[in-house]
1. Within region 119-162, restricting attention to residues that are among the hydrophobic types (A, V, I, L, M, F, W, C) and surrounded by fewer than 16 Cβ atoms within 10 Å (Cβ to Cβ), which residue is farthest from E42 (Cα to Cα)?
2. What pairs come up if the first residue lies in region 59-86 and is in contact (Cβ under 8 Å) with a residue 60 or more places away in the chain, the second is of a type in the set (A, V, I, L, M, F, W, C) and not in a strand (DSSP E or B), and their beta carbons are under 8 Å apart, counting only those six or more places apart or on different chains?
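What follows is calculated from the coordinates using simple rules that are stated; it is not laboratory data. Bear in mind the structure is a predicted one, so any value in this text is a computation, not a measurement. Cβ placement follows ideal geometry from the backbone for every residue including glycine, while neighbour counts extend to all protein chains displayed.
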Amino acid sequence: MPAENAAVAVVAAEAPPRRTPSTYPAEFAARMAGRIKRPLGELFGLRNFGVNLTRLEPGAQSALRHAHRSQDEFVYVLEGELTLATDAGEQPLRAGMCAGFPAGSANGHHLINRSRGAAVYLEVGDRSAGDRVSYPDDDLQAVRGDDGTWRYLHKDGRPYDG
């Protein structure tokens with residue numbers, strides 16, 4: 001059942017950007033400078049999966065390199081050029097290319113804009129309660145609560161302050 005007053009159709013590039021640029025702890029959030037996410041799925045009251053229209057300015061990255069235990073992820077490049085960094089190395093992605101990451105693959109990944117122009121892509125992922133995320137390059141792990149919020153911990157299990 002759609003959310004009360006949910007949109008039926010919108011111009012994706014005109015959707016409001018996410019209010020909080022990053023939910024990472026402060027020491028990691030700053031690394032998301034130059035990333036603008038427009039949460040499209042929320043506009044329609046979607047609860048089972050999320051869809052974001054994301055713009056990365058030159059030098060920006062999509063996220064910290066990460067892997068989900070329970071969440072499938074899919075990205076489709078609409079404009080520009082990006083570098084996909086995974087455990088296997090780096091691969092260029094151009095408009096029209098896509099990539100997917102099945103839940104539990106443990107393949108740490110993220111996108112980086114090393115080009116001279118902005119890049120735009122769609123990202124789709126499910127919203128599995130209890131999902132856990134590992135970050136192979138950082139002292140960080142995340143757990144998604146039943147209420148949909150992320151809790152960030154050090155790799156040894158200590159919570160981040162704030």
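1. The initial filter retains those residues of region 119-162 that are among the hydrophobic types (A, V, I, L, M, F, W, C), namely 119-120, 122, 124, 129, 133, 140, 142-143, 150, 153.
Narrowing the set further to residues that are surrounded by fewer than 16 Cβ atoms within 10 Å (Cβ to Cβ) leaves 129, 143, 150.
Numbers: A129: 17, V143: 21, W150: 17 Å.
Within region 119-162, the match that is farthest from E42 (Cα to Cα) is V143.
2. Note: pairs meeting the criteria are L64/F28; L64/L140; A67/A106; H68/A103; R69/A103; S70/A103; Q71/A103.
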